[in-house]
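Chemist: Sharing a structure, written as C-alpha cells. Questions coming.
Since every read-out is calculated from the coordinates, none of them should be taken as a lab result. Predicted, not measured: the structure shown is a model, and the values here were computed from it. We place every Cβ from the backbone using ideal geometry, glycine too, and count neighbours over all the protein chains shown.
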C-alpha cells in the first residue's frame, strides 16, 4: 500500500472511532406533571349551576382539586357615577375559606384591609364578567358576584371567573323568567385559564405544585368569540421571548375553548335562551 494512502485511512479510522467514543449529550427530559396529565390537558372540570337555594344565580365549580362556589346577588341601585344613566353594573368579591389551603389562612375581615392580591382578583373577575353583558339592558341594578374558594390547588382566580360566568347567566335567567328584563342581556360567555413554563415545558391549567415551580406564569381570559379580555403574564425566574408568549397564548386558547364548551353544555340543558351560545 502506498504510505500516504495508509496514513490517510488510519486518520479516518481514528476520527470515526473518536466520534463513537464521544457520547452525545443527554437530552433533558420534559417536565412530568405530578398528576400524569399531558402538557396541554385541563384538569377534570365539573360545573353545577343553581347550587345555592337563595341566591339569584349560583354555580359550584371544580377544576381538579380547586373548588369554588360563585353566587350572584341583585341590588336595586348603581354606583354614583351611573345614577340616572339607565345602565347597570357588575362587580365581584373574592375570598378563600381559612382551610381551603393546607395551612389555615386567616380571614381577611379580621385584617385592617384586604390584600392587594384579593383586590386584583376581584377586579379581574368584575372586568371579565362586564364584557359578557349589555349593561344598558339590566337597568339601574348592580349584580354582585361573590366567589368563595372552598379548596385551593392553584388557578383559583381563573376558576372564579368560570364559575362567576355561570352564576351570572343563571341570575339573568331568573330576572328574565320573572319579567324583570325586556330581553336577555348576556351577549357572550367568558372563560379563564392559566398557562406557564415549568422547566422550560409549556403547561396548561397549572395546579399549585406546578405553579410554585413555574418560571413563567400567565392567566388568560377570553370570550366565546375568541376575543381576549385580559392577559396577565409575568416572569417568575427567567424572562421569556415573544415566541414563547405566542405559544402560551395558543395553548391557553385550546384550553379556553374546552372550558367554554363545558359551560355551553351545562347552560343549554337548563333553558332555551342559552341555545344561542
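Chemist: As a footprinting exposure proxy, order 113, 173 by other Cβ within 10 Å, with the fewest listed first.
Modeler: 113, 173
Chemist: Want the number for residue 48 to residue 99: 0.36 nm per residue separation, take away the alpha-carbon distance, what's left?
Modeler: 16.1 nm
Chemist: Arrange 205, 211 by Cβ neighbour counts within 10 Å, fewest through most, would you?
Modeler: Sorted ascending by nearby Cβ count, the order is 211, 205.
Chemist: Sticking with this one: Candidates (i) 104, 44, 34; (ii) 50, 49, 41; (iii) 50, 40, 34; which is the computed Cα extents along the principal axes in Å?
Modeler: Evaluating Cα extents along the principal axes in Å on these atoms matches (i).
Chemist: What is the packing order of peptides 51-59, 239-247, taking the mean over residues of other C-beta atoms within 10 Å and listing the highest first?
Modeler: Most protected by this proxy first, the peptides run 51-59, 239-247.
Chemist: Put a dot 7 Å past each Cα toward the Cβ at residue 187 and residue 199; how far apart are the dots in nm?
Modeler: 4.5 nm
Chemist: Another question, if that's okay. So what's the angle, to the nearest 10 degrees on a 0 to 90 scale, between helix 116-130 and the longest Cα principal axis of the chain?
Modeler: Result, in degrees: 70.
Chemist: Only helical DSSP H runs with n ≥ 4 go in: add -39500 (n - 2.57) per run for the chain, normalise by residue count and round the 222 nm mean residue ellipticity to 500 deg cm²/dmol.
Modeler: Rounded to the nearest 500, it is -11000 deg cm²/dmol.
Chemist: Taking neighbour counts of Cβ atoms within 10 Å as a proxy for exposure, in what order, fewest first, do 82, 197 appear?
Modeler: Working: 82 15, 197 24.
So the ranking, lowest neighbour count to highest, is 82, 197.
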